[in-house]
Amino acid sequence: MLNVTVIGGSGYTGGEVLRILSSHPGARVVHVVSRTHAGKPVGEVFPNLRQCCEAVFCEPDPSRYLPDTDVVFCCAPHGTAMGIAREIVGKAKLIDLGPDFRFRDPAVFEEWYGKPHEAPELAQEAVYGLVELHASEIKSAGIVGNPGCYPTCSVLALAPLLAYGLIDPESVVIDAKSGVSGAGRSPGLAYHFPEVNDSIRPYGIPGHRHTPEIEQELSRLAGRQVKCSFSPHLVPMTRGILVTCYARLLGWPEVGSDRAGAAGSRDIRDTGDIIALYREYYEFRPFVRVLGPGELPHTKAVYGSNFCDVTARVDPRTGRVIAMAAIDNLVKGAAGQAVQNMNVMFGLDERTGLYAPGLYP
Ligand SMILES: NC(=O)c1ccc[n+]([C@@H]2O[C@H](COP(=O)([O-])OP(=O)(O)OC[C@H]3O[C@@H](n4cnc5c(N)ncnc54)[C@H](OP(=O)(O)O)[C@@H]3O)[C@@H](O)[C@H]2O)c1
């Protein structure tokens, strides 16, 4: 049994880690840290966890929680994990759900989050926790930077196209929509019911903080520096992310040419070819469900689950491919992915405690 400590345990992603671990056969929660709820039973703050999580929130004191902890999940805002990482390393493994350890180059964190990195040497050692792309490095990692919700969905939608060299990396445009829990549990006017209900709103355009994280992973896949356009939107639903990505197929005939289309070294001619290629790429990735030509991803189909539903279409008129994916931002986009990382770091089957359908409808 792995002993788990959750920091920021009173927030939305912390609550999801507690929910998932309440039925995990190989891990148990021993400490749940909260600065504002210390002394209260977890079930008072998360009514869904009554009787399922017996823990009581405790103070943020590492000397109390580290001695009997194997792995720390840090579910707090950016800047928190890098402040405590040096104390944790060597005593327990660290999975940070925030962005502090997502960038191989700490200067990128500093540029986009506007503060100096407090543990740059650890950031360089940390592994980006997208199991579908980095499982072998995650196995031996001491610190995992759990990916952001939008980057998880966007990178999984686009990875096969870049890995097989089918698209012009500079042509990638990502249009994304998220439910309101993506903003966390702290109240704010922009997330107040009358402000979000009956409305869809773009935000952070251009220059949302998830852009460099998406570009880091797309660049690794493409084997060269990639810049992309990323446009997030807030939609009036509790959970879920849907991304629709557009890119130009390499080698496709110019619009107006009467030559039949065929893209890239894999001779992609239509949607059936693209879907076959996605199935090949994700064949051994249990949480990626590649949908066929008659199905499209939607957030309700992944609600509460760790699955990412993904598919793509060739648009022969424009020579573009349209890749789509859906996840639950709090599960595959945060807590579920963090548990998937824990499983891999400790040699468990990555599906342990996670491989279950979500709620429907
Ligand atoms: N929401 C999502 O969909 C999502 C997805 C992927 C990643 N993330 C990332 O996951 C992290 C947590 O997000 P969330 O949505 O769970 O946020 P949240 O609901 O606002 O919860 C964050 C929790 O962290 C604690 N906290 C706040 N400031 C802290 C500090 N300086 N030191 C220690 N603890 C602090 C707070 O608990 P106390 O006041 O009780 O201590 C709070 O309950 C963030 O970095 C976020 O970017 C979120």
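Tabulated values for the structure
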item: Helices (runs of 4 or more DSSP H) wholly inside the stretch 69-144 containing at least 1 residues that are more than 15 Å from the ligand (Cβ to nearest atom), free of Cβ contacts under 8 Å to residues at least 60 places away in the same chain and within 21 Å of residue 26 (Cα to Cα); result: 131-139
item: Residue count, the stretch 50-68 (criterion: surrounded by fewer than 20 Cβ atoms within 10 Å (Cβ to Cβ) and part of a helix (DSSP H, G or I)); result: 6
item: Subset of the stretch 156-181 (residues that are touching a strand residue (DSSP E or B) at 6+ places or on another chain (Cβ under 7 Å) and within 16 Å of the ligand (Cβ to nearest atom)); result: 156, 176, 177, 178, 180
item: Close pairs (7 angstrom Cβ cut-off, 6 or more residues apart or separate chains): touching a residue at least 60 places away in the same chain (Cβ under 8 Å) in the stretch 157-171, crowded, with 24+ Cβ neighbours inside 10 Å and in a loop (DSSP other than H, G, I, E, B) anywhere; result: 158/172
item: Residue that is nearest to the ligand (Cβ to nearest atom), among those in the stretch 312-329 that are surrounded by fewer than 24 Cβ atoms within 10 Å (Cβ to Cβ) and not charged (D, E, K, R); result: 324
item: Selected residue [more than 8 Å from the ligand (Cβ to nearest atom), modelled with pLDDT under 95 and over 14 Å from residue 339 (Cα atoms)] from 44, 54; result: 54
item: Condition check for residue 339: in contact with a His (Cβ under 8 Å, 6 or more places away or on another chain), assigned to a helix (DSSP H, G or I) and either open to solvent by 10 Å² or more (accessible area, probe 1.4 Å) or within 16 Å of the ligand (Cβ to nearest atom) (or both); result: yes
item: Flag for residue 176 being touching a Pro at 6+ places or on another chain (Cβ under 6 Å) and either under 23 Å from residue 100 (Cβ atoms) or in the same structural domain as residue 289 (by TED's automatic domain parsing) (or both); result: yes
item: Test for residue 135: is it open to solvent by 50 Å² or more (accessible area, probe 1.4 Å), within 25 Å of residue 221 (Cβ to Cβ), modelled with pLDDT of 95 or more and not aromatic (Phe, Trp, Tyr); result: no
item: Only listed residue being closer than 16 Å to residue 98 by Cβ, open to solvent by less than 60 Å² (accessible area, probe 1.4 Å) and not aromatic (Phe, Trp, Tyr), chosen from 43, 9, 26; result: 9
item: When residues of the stretch 182-215 are limited to those that are within 16 Å of the ligand (Cβ to nearest atom) and hydroxyl-bearing (Ser, Thr, Tyr), the one nearest to residue 300 (Cα to Cα); result: 191
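The values are calculated or read from the model by the stated rules, or taken from the named source; none is laboratory data. None of the values given here were measured: they were computed from a predicted structure. Note that each Cβ is placed from the backbone with ideal geometry, even for glycine, and that neighbours are counted across all protein chains shown. What goes into the accessible areas is simple: the full protein's heavy atoms, side chains included, and nothing from ligands, DNA or RNA. Shrake-Rupley method; radii C 1.70, N 1.55, O 1.52, S 1.80 Å.
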